[in-house]
Amino acid sequence: MKKLLLALLISYSLTSYSQGFNGNQMEIIKTINIAYAEGLQNEGDSSKIDAGFHPDFYLLGKGDEKALRKLAIADWRARQLKNKAIGKLPRKSENKVSLKYSFIDITGDVAVAKVDYYEGVQKTYIDYISLYRYESGWRIISKIYQKMD
């Protein structure tokens, strides 16, 4: 019962914070939820990852003043597929990633989303996710983040 309640809470959190967003913003939420939260973080599902991430995506992290830390989607994807193969993914319900959207700003074919990232009930990051719209839909092109203490 406890696991079912937690699963429902996580499912609700993936959608409840999308209320009040317009159609384009909802498309972006769907792309991020499927590719990033479900595909990359929770499941290690390559088809979901590939559907939402641009092949030239980079995760950028704060390094020193002369260099950023960079992680290409191909490397991140490979790491998660390895985690799936050794049983670290899919995540257990009490540790699943869920997202809360603070805002989504769109100008033409460019968008940025500010996202609170939760592992279970713990907010662990604030992400800024950039996207471009292509004929096939929105694709995630980069992400920067702030780790929460």
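Note on region 102-149: enclosed strands (runs of 3 or more DSSP E) holding 3 or more residues that are under 14 Å from the mean Cα position of the chain (by Cα) and β-branched (Val, Ile, Thr) are 122-134, 137-147.
With respect to (1) under 22 Å from residue 21 (Cα atoms); (2) surrounded by 14 or more Cβ atoms within 10 Å (Cβ to Cβ), the lone exception for residue 144 is condition (1).
Of the set (1) under 19 Å from residue 142 (Cα atoms); (2) basic (Lys, Arg); (3) in a strand (DSSP E or B), all apply to residue 77 but (3).
Of the residues making up region 103-121, those that are surrounded by fewer than 12 Cβ atoms within 10 Å (Cβ to Cβ) and under 13 Å from residue 28 (Cβ atoms) number 4.
What are the residues in region 40-59 that are small (Gly, Ala, Ser) and either open to solvent by less than 10 Å² (accessible area, probe 1.4 Å) or in a loop (DSSP other than H, G, I, E, B) (or both), if any?
We begin by selecting, within region 40-59, every residue small (Gly, Ala, Ser); these are 44, 46-47, 51-52.
Hits for region 40-59 are 44, 52.
With in contact with a Ser or Thr (Cβ under 7 Å, 6 or more places away or on another chain) and within 14 Å of residue 37 (Cβ to Cβ) as the only criterion, which of 127, 116 stands out?
Going through 127, 116 in turn, just one is in contact with a Ser or Thr (Cβ under 7 Å, 6 or more places away or on another chain) and within 14 Å of residue 37 (Cβ to Cβ): 116.
Applying a threshold of 7 Å to beta carbon distances and a minimum spacing of six or more residues, or different chains, the list of pairs starting in region 97-125 at a residue that is more than 21 Å from residue 80 (Cβ to Cβ) and ending at one that is acidic (Asp, Glu) and open to solvent by 50 Å² or more (accessible area, probe 1.4 Å) reads 111/105; 112/105. Scanning region 122-141 for residues that are among the hydrophobic types (A, V, I, L, M, F, W, C), open to solvent by less than 40 Å² (accessible area, probe 1.4 Å) and under 22 Å from residue 68 (Cα atoms) turns up 126, 129, 131, 140. Within region 86-96, the presence of a residue that is in a strand (DSSP E or B) and either modelled with pLDDT of 95 or more or at negative phi (or both) is excluded.
The values are calculated or read from the model by the stated rules, or taken from the named source; none is laboratory data. These figures come from a predicted structure and were not determined experimentally. Positions of Cβ are generated from backbone atoms using ideal geometry, with glycine treated the same way; all protein chains shown enter the neighbour counts. All accessible areas refer to the heavy atoms of the entire protein, side chains included, with ligands and DNA or RNA removed. Shrake-Rupley method; radii C 1.70, N 1.55, O 1.52, S 1.80 Å.
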